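The values are calculated or read from the model by the stated rules, or taken from the named source; none is laboratory data. The model shown is predicted, which means the values in this text are computed figures rather than measured ones. Neighbour counts are summed over all protein chains in view; Cβ atoms, including those assigned to glycine, are modelled from backbone coordinates with ideal geometry. The accessibility values were calculated without ligands, DNA or RNA, using every heavy atom of the protein model including side chains. Shrake-Rupley method; radii C 1.70, N 1.55, O 1.52, S 1.80 Å.
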Amino acid sequence: MALKAKRDLDRIRPLFEQNAASQLDLDNAIASYESANAAVAMSEADLKQAEMALGYTTVRSPIAGHISERYVDIGTLVGPCGKFLLATVVKSDIVRVDFSMTALDYLRSKERNVNLGHRDSTRTWDPYITVMLADNSYYPIKGLVDFADPQVDPQTGTFSVRAEMPNPDHILLPGQYTKVRLLLDVHEQAIVVLSKAVIIEKGEAYIYVMRGDDVAEKRFIELGPQMENKMVVERGLAYGEQIVVEGYHKLTPRMQVTVVDAWEEENDNLQND
């Protein structure tokens, strides 16, 4: 329609200049052309509005992950006058673990010069967590603490801490409750002994240490943290000293003994069997 109006105008204008067409014919041709252009502009506006409305029917998630069951059916009105939530998309290749710590835990972390939520280039390690699964086994990947709330909740006396950990096999599920263990301190170059070698009586701990002349000497020690079947010795034992692991109940201070390596003895017993 617009093309026909343009051709009519282009044909009548030279005729008008040659006095072969009247002013009325020219005015009618111009009006028809402008009216056709206005109709084209209105059609283009309607087309853009229709394309925009069509674009709203396709909703793309801003993140990649697993999607839940849809909450609305096809054809349902959504938006300000209808439902808002279409589905839930969960990014599960990386999960965030939220847990709480007490004000006492905060003070203990400060005593160890640990600033939760911040990396420290002066240390060879950073605070991380391990997660216990429903079967009481530990998730093999550790999570690094990347955030700690700067204020304590006055109602609970705790503050929120968050750690992020990879979840490549999607073992951890969003919304799942777990038990969390947080590393707050590392004893570098610590002296560690087996728990069964330590005797505790009346609140004091001691072990039997072998002197150079094969004499068992009773040595009081100061214990540190315990890890599974091992204990950290803070004071009282030097690196490289031999201690009695088995049969200490048969010993008396300054008793002459024959030293047998526990590892060699265990191998001999296996060979004899």
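Rundown of residues vs (1) touching a Leu at 6+ places or on another chain (Cβ under 9 Å); (2) open to solvent by 100 Å² or more (accessible area, probe 1.4 Å), yes/no style:
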{"site": "27", "(1), (2)": "no, no"}
{"site": "49", "(1), (2)": "no, yes"}
{"site": "68", "(1), (2)": "no, no"}
{"site": "92", "(1), (2)": "yes, no"}
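Quick one: how many residues across the range 114-157 are open to solvent by less than 50 Å² (accessible area, probe 1.4 Å) and polar (S, T, N, Q)?
2
Open to solvent by 60 Å² or more (accessible area, probe 1.4 Å), aromatic (Phe, Trp, Tyr) and touching a strand residue (DSSP E or B) at 6+ places or on another chain (Cβ under 8 Å): is that true of residue 99 in this structure?
No.
Among the residues of the range 22-56, which ones are at pLDDT 80 or above and assigned to a loop (DSSP other than H, G, I, E, B)?
Of everything in the range 22-56, just one residue is at pLDDT 80 or above and assigned to a loop (DSSP other than H, G, I, E, B), namely 22.
Looking at 91, 142, which is the one that is at pLDDT 85 or above, charged (D, E, K, R) and within 21 Å of the chain's Cα centre (by Cα)?
Just one listed residue meets the conditions, 142.
Any residue in the range 110-132 that is assigned to a loop (DSSP other than H, G, I, E, B) and modelled with pLDDT of 70 or more sitting within a Cβ distance under 6 Å of a residue that is open to solvent by 70 Å² or more (accessible area, probe 1.4 Å) and not aliphatic (A, V, I, L, M)? List the pairs, counting only those 6 or more apart or interchain.
Partner pairs satisfying both residue conditions: 126/119.
For the structure I just gave you, tell me whether residue 59 is within 30 Å of residue 170 (Cα to Cα), open to solvent by 80 Å² or more (accessible area, probe 1.4 Å) and of a type in the set (Val, Ile, Thr).
When the stated conditions are applied, residue 59 passes them.
Mind listing just one residue for me: the one in the range 220-244 that is in a strand (DSSP E or B) and among the acidic types (Asp, Glu) and, of those, modelled with the highest pLDDT?
This residue is 222.
List the number of the failed condition for residue 59; all other conditions in (1) within 23 Å of residue 188 (Cβ to Cβ); (2) assigned to a loop (DSSP other than H, G, I, E, B) hold.
So the condition that residue 59 fails would be (1).
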